[in-house]
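What follows is a single structure, written as structure tokens, with notes after it.
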Amino acid sequence: MITRFHPALASLAAICILLFSVAALSACTATAPTPQQEPTPQQEPAPPPETSSLETDIVGFAFAPATITIAAGTTVTWTNQDSAPHTVSSRNDVFDSGNKSRGNTFSYTFTRRGTFEYYCKIHPYMTGKIIVE
């Protein structure tokens, strides 16, 4: 037996099939939304390396403390607490404070590793040592 559809129903069915086909095809060809890229953060310059410092005294005709161990980049400051003048002079002529009277200071920044022996040129029995690691 052959069943016939009403022409209006046949047109409606054809339109529905057509709309469904267009929707299905557009879903297949639609591009996925592109993910938003995070903005690249600007790199900030590295902070300058921290410098450290150490203060030591010249007191009682001696360097106090006589031996100091420090990291490279450390600045050592000597302060003369004696009434007599003194110097802080390295044995290998790396640094020399010249004569420093009471209350005067001398600073030196040790940038390379090694052992630095020093003395007072006025009182050569006064000795000290800086070990830079």
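What number of residues within region 118-133 are surrounded by 13 or more Cβ atoms within 10 Å (Cβ to Cβ) and either of a type in the set (S, T, N, Q) or within 22 Å of residue 71 (Cβ to Cβ) (or both)?
Within region 118-133, residues that are surrounded by 13 or more Cβ atoms within 10 Å (Cβ to Cβ) and either of a type in the set (S, T, N, Q) or within 22 Å of residue 71 (Cβ to Cβ) (or both) number 7.
Residue by residue, here is whether (1) in a loop (DSSP other than H, G, I, E, B); (2) touching a helix residue (DSSP H, G or I) at 6+ places or on another chain (Cβ under 7 Å); (3) not small (Gly, Ala, Ser) holds:
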position	(1), (2), (3)
83	yes, no, no
98	yes, no, no
106	no, no, yes
118	no, no, yes
121	yes, no, yes
125	yes, no, yes
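Taken together, the values in this text are just the output of simple stated rules run on the coordinates, not laboratory data. Since we're looking at a predicted model, the values are computed, not measured. Cβ atoms come from the backbone with ideal geometry, glycine included; neighbour counts cover every protein chain shown.
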